[in-house]
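Notes for the one structure printed next.
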Amino acid sequence: MKNILHIATAEIGVKEKPGKGSNPQILKYAKDAGFDNYTEDDTAWCSLFMNWVAKEASLESTDSLLARSWLNVGNTSNDPEPGDVVVFWRNSPNSWQGHVGIYMGFSIDGDRVYVLGGNQGNQVSITAYSANQILGFRRLRKKETTTFSKKNIKRGDSGNEVVMLQDALKQMGYDCGTSDGIFGPKTESALKQFQSTDRSMEINGVFDKATREHLTTLINR
């Protein structure tokens, strides 16, 4: 499965067709994402693009063209990382209008946030937005069933199984840092926090049988 950043980055440069007509690629986003009534790229398409990217990555989506609909999916991300969703207000914090895209990072001074998204300057691009207009960050959950191997994983291990564990922990709201496939102290700490939530698990920082079964149940429900 491709990463959401790889999918979106490959579309950079796709832009609206000036004048009459629409860019066929934008209409393809609409068709693939299930927006059958979307017929022209003059209609705002930031949420359309976000829905398309999320579905291509097998992540949950909103099936809505409203940017603020993304505040209602996934988990709140208090420590955002590239690949999370960021939602902004437009015109007024209390209006229905907004913008949505993929968070890439903050400027050094923290005043701006860099966003990879559609309908940014009428195209797919990486654009800076005011941090003062952020409504929230969301971390999307996978739609497919997560199946872990039956082996124990502990600090010092590495590989795809560690990436799956890190992704699952973040989807559950535990901060283990970047999903780099390296089981380090931050992953161990996040795992212990998760283990402390249920008596069926020993708080040992090891992804053992009891922890694996409990996390599998929660992540796939």
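This ranking places H99, H6, H214 by how few other beta-carbon atoms lie within 10 Å of each, fewest first, which gives H6, H214, H99.
With a sphere of radius 12 Å drawn around the Cβ of K209, what net charge do the other residues whose Cβ falls strictly inside it have (Lys, Arg +1; Asp, Glu -1)? Please report the intermediate quantities before stating the final value.
Details: positive: K150, K151, R212; negative: E202, D208, E213.
Local charge sum for K209: 0.
Per-residue ellipticity at 222 nm, computed for the chain from helices alone with -39500 (n - 2.57) per DSSP H run of at least four residues, works out to -8000 deg cm²/dmol. Relative contact order for the chain: 16 percent, from Cα pairs under 8 Å spaced at least 6 residues apart, divided by residue count. Separation of the range 151-207 and the range 1-66, taken as the distance between their Cα centroids, equals 34 angstrom.
In a reduced charge model with +1 at each Lys and Arg Cβ and -1 at each Asp and Glu Cβ, the range 119-221 shows a dipole moment near 220 debye about its Cα centre.
Each Lys and Arg adds +1 at its Cβ and each Asp and Glu adds -1 at its Cβ; summed about the Cα centre, the range 4-139 shows a dipole of about 200 debye.
List, in the order given, every pair from K142/K186; K31/K142; K55/K151; K55/K209; K55/K150; K143/K209 whose Cα-Cα distance in the structure shown is over 25 Å.
Details: K142/K186 22 Å; K31/K142 21 Å; K55/K151 30 Å; K55/K209 31 Å; K55/K150 29 Å; K143/K209 23 Å.
Over 25 Å apart, Cα to Cα: K55/K151; K55/K209; K55/K150.
A short reminder: the numbers here are calculations on the coordinates, not readings from a lab. Note that the coordinates shown come from a computational prediction; the quantities given were computed from them, not determined experimentally. Note that each Cβ is placed from the backbone with ideal geometry, even for glycine, and that neighbours are counted across all protein chains shown.
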